[in-house]
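Report on the following structure.
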Amino acid sequence: MRVTYSELSINDLSEIADHLVDTAGATVANKVIGEIERVIVEVLSENPDIGTAVLHEIEGILFFPAGQYPVYQIFYKKRNDVLEVYRVLHGKRDIKSLL
């Protein structure tokens, strides 16, 4: 399945990386972003139905924890042969308001 990223998800990943660089260093930031990308490309694109439906207002969005860093949640939509990464958010954020 082909993977695309919404502008929001690109911004989310950039913010996560910046925050981690500031608080934990570049090595940690690279590990976390790398794991998120691995889950998207190797897990979700191959098994798009593995996610859980979001019970909020936006229909068709699924979420899945980011592998070794499950505090980050990957929100995505699947359409035909495309998996669109919609958001990547920390679990402590107000997710309902961000979707």
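Taking region 71-97, which residues are of a type outside the set (Val, Ile, Thr), assigned to a strand (DSSP E or B) and surrounded by 12 or more Cβ atoms within 10 Å (Cβ to Cβ)?
TYR72, GLN73, PHE75, TYR76, LYS77, LYS78, LEU83, GLU84, TYR86, ARG87, LEU89, HIS90
Does any residue of region 54-66 turn out to be in contact with a strand residue (DSSP E or B) (Cβ under 7 Å, 6 or more places away or on another chain), loosely packed, with under 11 Cβ neighbours inside 10 Å and at pLDDT below 95?
No, the conditions are met nowhere in region 54-66.
Can you tell me which residue in region 12-27 is farthest from TYR86 (Cα to Cα), limited to those that are in contact (Cβ under 8 Å) with a residue 60 or more places away in the chain and not charged (D, E, K, R)?
Filtering region 12-27 for residues that are in contact (Cβ under 8 Å) with a residue 60 or more places away in the chain and not charged (D, E, K, R), the one farthest from TYR86 (Cα to Cα) comes out as ILE16.
Which condition number does TYR72 fail, the rest of (1) at pLDDT 95 or above; (2) of a type in the set (Phe, Trp, Tyr); (3) over 18 Å from ALA17 (Cβ atoms) being met?
Going through the list (1) at pLDDT 95 or above; (2) of a type in the set (Phe, Trp, Tyr); (3) over 18 Å from ALA17 (Cβ atoms), TYR72 breaks only (3).
The values are calculated or read from the model by the stated rules, or taken from the named source; none is laboratory data. Remember, it's a predicted structure, so these values are computed and weren't measured experimentally. Positions of Cβ are backbone-derived with ideal geometry, glycine not excepted, and every protein chain shown enters the neighbour counts.
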